[in-house]
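Enquirer: Just passing along the structure, written as structure tokens.
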Amino acid sequence: MADQKPTFEENLQQLEDIVNQLEKGDVPLEQAMSQFQAGVSLAKELDKTLKEAEAAVAKVMTEDGELKTFDPNADAK
Amino acid sequence: MQPSDYLTVTALTTYIARKFSADPYMRQVYVAGEVSNFRKRAGHQYFSLKDDGAKINVAMFKSAFAKVKFELEDGMRVLAVGRIGVYPPSGNYQMTIERLEPDGIGALYAAFQQLNTNLQKEGLYDIHNAWPLRQYPRRVAVVTSPSGAVIQDIMTTVKRRYPQLEIVLFPALVQGDAAADDIVAQLQNVDRVGKFDAVIVGRGGGSIEDLWPFNEERVARAIAAMHIPVVSSVGHETDVTIADYVADYRAATPTAAAEYVTPVTKVQAALNLQKLTDRLIRAQNAILQQDRARLDRARGSVMLTQPDRLYDNYLQRVDQLRTRLGATVPRGLTQSASQLEYLQKRLAHTNLVPRIAQAQLHTQDLQRRSEQAMVKMLTQLRQKIQADVDGLDHLSPLKTMARGYAFVTDKQGELAQATKDFAVGADVTIHVADGTIGARVQSVQEEKSVH
């Protein structure tokens, strides 16, 4: 997983901050415009992340410290 | 022995009964044994306790039996506390049980209580120290058996609510002697691997012995030491273990545990995002409208529509100033004029004029007098001069010349008085009383004896 990229949560937080600031209304127009643009692109990205999010595959940590796909029916023990 | 010396059965039994009740050891005995001939009755309970070599009848009154916390079963090993007595009608001695605990479990229970108290005192149960759960987790660890229903339920629930969440199972034994160490090791593994947003630890339902690993102190401490939120799900809802107390969140079921770690479902997340986007657009529109309104106000302002008005005020001021200036100058002049008049009046009122007139008179007098004095002085001077002139007349060379004397001058008009002033042949002028005569020197003869 790409840790350098901001997480969904961080992006959402940033979007929330932008919305909160814009809702206060005392932002100069130029700043408001650039914030709005940032907000829209954040919202788009978040939406994309949500829509394109694939169901994660459950994994199992083996004794060797390896991550393997976990199939609950494989070893009925 | 007379028949009267024989004891009645009742007397004997009373005597025997007294032997039991008087004995301090019999008043409170602790007996471990196996329950036998137990069949639950509505009121008091009657059964036996036995071991390999003996058996004793037992009675348990309704009030004492109501306090028993476990389900008593035939064949169960128990620890009983009670007294020994005799039941005269049957001639049997029996044990009347006051307290009853399951054998073995009782010790566990004591250990549980002790650990519970200690950990609580240490503050490990403090809910204020709970790690917050992430709204949008990416990866969650599960420490449980790979084969139980727990992991299945968690996977199903996560798939339904928030499928993008990655579940990583850390398989662990969850019952038996090795379970506690296994659970601890896997919790530490979770911490070591890292990048988990939460960990679920638990197992399905079972007997108190089955759940026991989750009451072990080292499991409790391993849970408390975690740096991510720990959700516990041990046994059924009615089972409470130390692990449940120490965990940040206690879930009654594995499904509930999965719900804990996915506080926001995918659908809710999409909805929230939609709402946030709507708010973003509304806020931006509000700002735009606000700024547009300001612009319109500014544009419609008098200054822009009728720019003349910008300097209307100045023009008016200039006019006013001009008017005031016009009023000021004549007023100054009038003022000066009236002051002059006033000063003149003041001047008139002084006695300067008569004084000037007097001074003029005085001056005229002085002038007249000085003129008289002057005339007199001049007359006197003239008379004196006449006298002097008369005197002079007697001495005048003209008078002498009238008497026949002459004087000679050279060409330059210089008076020639001695012989040295005459050169032979030089032209001279001889001055006589009635005119002059030109002459030329013929000879010069000096006479030494004259003087």
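We did not get these values from a lab; they are worked out from the coordinates using the rules stated. All values reported here derive from a predicted model rather than from experimental measurement. Cβ coordinates were reconstructed from backbone atoms using ideal geometry, including for glycine residues, and neighbour counts include every protein chain displayed.
Enquirer: Can you give the angle from 0 to 90° between the axis of helix A:8-24 and the longest principal axis of chain A, with both taken from C-alpha atoms, to the nearest 10?
Expert: Long axis of A:8-24 versus the principal axis of chain A: about 20 degrees.
Enquirer: Please express the shape of the stretch B:269-420 as an equivalent ellipsoid: the semi-axes are the square roots of 5 times the eigenvalues of the C-alpha gyration tensor, given largest first in whole angstrom.
Expert: So the three semi-axes of the stretch B:269-420 are 117, 36, 13 Å.
Enquirer: For residue A:60, which sequence-distant residues (separation of 5 or more, or a different chain) have an amide H within less than 5 Å of its own amide H, given hydrogens modelled in the peptide plane?
Expert: For residue A:60, whose amide H was placed from the backbone, the distant partners under 5 Å are A:68, A:69, A:70, B:169.
Enquirer: Counting helices only, and only those DSSP H runs with n ≥ 4, report the 222 nm mean residue ellipticity of the protein assembly as shown as the sum of -39,500 (n - 2.57) divided by its residues, in deg cm²/dmol to the nearest 500. Mind dumping the intermediate values first?
Expert: Working: 17 runs with 263 residues, N = 528.
Mean residue ellipticity, 222 nm, calculated: -16500 deg cm²/dmol.
Enquirer: Right, next: Please report how far the C-alpha centroid of the stretch B:1-57 lies from that of the stretch B:196-243, rounded to the nearest whole angstrom.
Expert: Each part's Cα centre sits 46 Å from the other's.
Enquirer: In whole Å, largest first, what are the principal axis extents of the Cα atoms in the protein assembly as shown?
Expert: If we take the Cα atoms of the protein assembly as shown, the spans are 244, 75, 70 Å.
Enquirer: Taking loop as defined by DSSP and a crowding limit of 11 other beta carbons within 10 Å, which trypsin sites (Lys or Arg not before Pro) in the stretch B:315-417 fit? Please list the in-between numbers first.
Expert: Working: sites: B:317, B:322, B:324, B:331, B:345, B:346, B:355, B:368, B:369, B:376, B:382, B:384, B:399, B:403, B:411; in loops: B:403, B:411.
Here the trypsin sites (Lys or Arg not before Pro) that fit, given the DSSP loop and packing criteria, are B:403, B:411.
Enquirer: If you don't mind, there's one more thing I want to ask. In whole angstrom, how far apart do the alpha carbon centroids of the stretch B:264-298 and the stretch A:1-43 sit?
Expert: 12
Enquirer: Here is a further query. Under 8 Å for C-alpha pairs, at least 6 residues apart: give me the relative contact order for the stretch B:93-234, rounded to a whole percent.
Expert: It comes to 26 percent, rounded to a whole number.
Enquirer: While we're looking at this one, here's another question. Where the centre of each part is set by its Cα atoms, how far does the stretch B:365-444 sit from the stretch B:116-168, in angstrom?
Expert: Answer, in whole Å: 163.
Enquirer: Using a 7 Å offset from the Cα along the Cα-to-Cβ direction at both residue B:92 and residue B:181, what is the distance between the two label points in nm, to one decimal?
Expert: Simple spin-label model gives 4.9 nm for this pair.
Enquirer: Expressed in nm to one decimal, what extension gain is obtained for the pair residue B:348 and residue B:322 from 0.36 nm per residue of sequence separation less their Cα-Cα distance?
Expert: Fully extending the segment from residue B:348 to residue B:322 adds 5.4 nm.
Enquirer: Let me know the shape class of the stretch B:125-264, please: from the alpha-carbon gyration tensor, a ≥ b ≥ c as square roots of the eigenvalues, rounded when a/c is under 1.5, otherwise prolate if a/b is greater than b/c, or oblate.
Expert: In terms of gyration-tensor shape, rounded.
Enquirer: On to the next question. Roughly what % of Cα-Cα distances in the stretch B:7-103 sit above 23 Å, to the whole percent?
Expert: 26
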